[in-house]
1. Taking other Cβ within 10 Å of each residue's Cβ, how do Glu118, Glu13 sort, fewest first?
2. For the range 1-33 and the range 180-201, what is the separation of their Cα centres, given in Å?
3. Once the convex hull of the C-alpha atoms of the chain is built, how many Å³ does it hold per residue, rounded to a whole number?
4. Cut-off is 10 Å between beta-carbons; in what order do Ser26, Ser55 appear when sorted fewest neighbours first?
5. Quote the Stokes-Einstein diffusion coefficient, in whole µm² s⁻¹, for the range 100-168, based on the Kirkwood radius over alpha carbon pairs, a temperature of 4 °C and a viscosity of 1.567 mPa s.
6. State the answer as a single residue: which of Tyr95, Thr3, Phe58 lies farthest towards the positive end of the charge dipole of the range 2-197, with beta carbon charges of +1 for Lys and Arg and -1 for Asp and Glu, about the Cα centre.
7. Note down the nm distance, to one decimal, between modelled labels 7 Å out along Cα→Cβ at Ala105 and at Trp22.
8. Where in the chain lies the longest segment free of trypsin sites (Lys or Arg not before Pro) that are both loop residues by DSSP (not H, G, I, E, B) and have at most 10 other Cβ atoms within 10 Å?
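Derivation of every value follows stated rules applied to the coordinates shown; laboratory data play no part. Just so you know, these numbers come straight off a predicted model, no measurement behind them. Here the Cβ positions follow ideal geometry from the backbone for every residue, glycine too, while neighbour counts run over all protein chains shown.
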Amino acid sequence: MITAVTIAGALLELAAWWGVSWKGVSIWVAMGLALPAIGIAAVAVRAPSLSPAVSAGFAVAAGVSAGVGLYLATRLFVAAVRPWRTFQRHSVQTYARQAGLPLAAAIVLAAAVMAPGEELFWRGLFQAKLSVVLDGRTAGAAVTWLTFAVANLPSRNLAIVAGAVVGGAVWSALAWWTGGVLASMVCHSVWTALMLGFPVVRAPVGGRA
């Protein structure tokens with residue numbers, strides 16, 4: 001059952017991005033349904049380990065720090081590649097696709113529902129399962145990172161893929177270090193909230209409610 005859920009969940013995220021990119025489905029509908037669904041499925045088949053290698057408090061602090069650091073690094077990167085028009089256009093398109101919700105609602109949905117669901121699946125289930133199958137936490141983290149990046153390719157958006165590659169590396173590393181999903185989940189949520197609340201390009205999300 002766990003193997004079936006890992007395969008189905010990865011395919012569902014891939015399909016959701018395809019729906020957003022190719023069919024024009026709202027990102028809030030496609031990803032807002034897919035990511036919580038795969039998170040719930042992950043928890044249903046295997047209770048996630050939160051932070052067996054370090055204390056929960058330390059994992060949360062590390063997650064917050066990493067989330068803020070990742071956001072600042074994202075801002076610096078976007079500023080550095082400003083002459084790269086394709087990347088800038090894709091960044092603006094990403095924010096434009098997230099319009100339609102008041103800012104507060106967008107942050108709650110993305111940071112408190114979608115990001116945790118994604119982490120519970122990819123780092124809580126997928127990475128944990130592969131670490132056993134491949135008989136190594138490092139191999140499990142590496143393959144999870146690669147698969148996660150591939151699952152975001154149908155978005156056809158450089159900004160989203162870059163976020164999956166860099167963010168995925170950070171989140172997989174946190175899960176590898178702590179042995180659980182707590183730190184990566186906090187990091188992902190903090191980064192997401194900051195990305196929406198303080199856009200890295202001039203394209204605010206929704207209304208500032």
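1. Glu13, Glu118
2. Measuring centre to centre over Cα atoms gives 20 Å.
3. Taking the convex hull of the Cα positions in the chain, it is 103 Å³ per residue.
4. Ser55, Ser26
5. Working: Rh = 13.1 Å.
Approximately 99 µm²/s, per Stokes-Einstein.
6. So the residue we want is Tyr95.
7. For the pair Ala105/Trp22, the computed spacing is 3.0 nm.
8. Values: sites that count: Arg202, Arg208.
Longest gap between qualifying sites, sites excluded: 1-201.
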